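The values are calculated or read from the model by the stated rules, or taken from the named source; none is laboratory data. Since the structure is predicted, the reported quantities are computational estimates derived from the model, not experimental observations. Counting neighbours? That spans all protein chains shown, and the Cβs are built from the backbone with ideal geometry, glycine included. Heavy atoms of the whole protein, side chains included, go into the accessibility calculation; ligands, DNA and RNA do not. Shrake-Rupley method; radii C 1.70, N 1.55, O 1.52, S 1.80 Å.
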Amino acid sequence: MTDHKLTDRRTLLKFAGLGMGAAAVPGTLGAQQTDPVAQTGANPAPPPGGHAGHAMAGHTPAPATDSAPAGYMFFDTEEAAFVEAFVDTLIPADELSAKGSELGVATFIDRQLYSAWGQGRTMYLQGPFVEGTPEQGYQSALTPADIVRLGIAEANAVVRKTYADNSFDTVTDAERVAIVTALEADKIALEVVPTPVFFRMLFQLAMDGFFADPLYGGNKGKASWKLLGYPGVGEMYSDKIAEWRNKPFRVEEPMSIQDFG
């Protein structure tokens, strides 16, 4: 594991204190858009060698079609299995909550990647792409949907070579933890999507799905909010913020956007 661990529930809860208020309110994070983009076509094939977005202009990801498992709009069967296993590794069932897939975290990710945000409709994706400073972030033509789809395919290919043709969702729990830890530490080399870009994208989406308003498909039963005593969106209004400043959250029944309908 790296010094800055991401792959454990304690770290997820630390992030909650920093970002949950934003995650609860639509439009404050990159994801959490629910407007789907109508698309057609088959799943994209990985582009020939080389790094990512540096040669991907014009590439258009497609949602899962005939192989889509029930309930998913973007993922095909293999992608859904990978993401469910990923979120269940980050958020296992225990005395604190149900596992991530049962809380709708994978569904949240699916909806985000199918949305205009996932398809990069509001992103600048035109080249040329050159290596920038760390502060400038990853320069690429890849949309969030591209990054996750291609990253899953590549990661599963590496897992199959390493674990006797098992995919990420069929290895043991201990092996999945080891794989996620290696992805986080950039110790698994992906050829098309840089490993840190893929891991951080999928991890951020999982975190958003765990802590965001249930309106977006995750955080079923407001599980993470109840875990923290987080009051929900009603207390995020400007006239309420002062009341909660420097005070621990203590609400047993938080309020979702849906509760105000």
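Points to keep in mind about this one:
- When K187, K161 are checked against the criterion of being modelled with pLDDT of 95 or more, farther than 19 Å from F75 by Cα, open to solvent by 50 Å² or more (accessible area, probe 1.4 Å) and assigned to a loop (DSSP other than H, G, I, E, B), K187 stands alone in meeting it.
- Some residue of region 228-242 being among the hydroxyl-bearing types (S, T, Y), assigned to a helix (DSSP H, G or I), touching a residue at least 24 places away in the same chain (Cβ under 8 Å) and in contact with a Lys or Arg (Cβ under 9 Å, 6 or more places away or on another chain): no
- Selection within region 85-97 - in a loop (DSSP other than H, G, I, E, B) and either surrounded by 24 or more Cβ atoms within 10 Å (Cβ to Cβ) or under 18 Å from the mean Cα position of the chain (by Cα) (or both): I91, P92
- Answer residue from region 152-169, given it is of a type in the set (S, T, N, Q) and in contact (Cβ under 8 Å) with a residue 24 or more places away in the chain and is nearest to A85 (Cα to Cα) among those: S167
- Summed over region 106-151, the residues that are surrounded by fewer than 24 Cβ atoms within 10 Å (Cβ to Cβ) and under 10 Å from M201 (Cβ atoms) give a count of 2.
- Annotation: of all residues in region 190-206 being open to solvent by 20 Å² or more (accessible area, probe 1.4 Å) and among the hydrophobic types (A, V, I, L, M, F, W, C), the one that is nearest to K99 (Cα to Cα) is M201.
- In region 171-185, the residues that are in contact (Cβ under 8 Å) with a residue 60 or more places away in the chain reach residues that are buried (at least 18 other Cβ atoms within 10 Å of the Cβ) and among the hydroxyl-bearing types (S, T, Y) with C-beta atoms within less than 7 angstrom, at least six apart or across chains, in these pairs: R176/T89; V177/T89; V180/T7; V180/T89; T181/T7; E184/T7.
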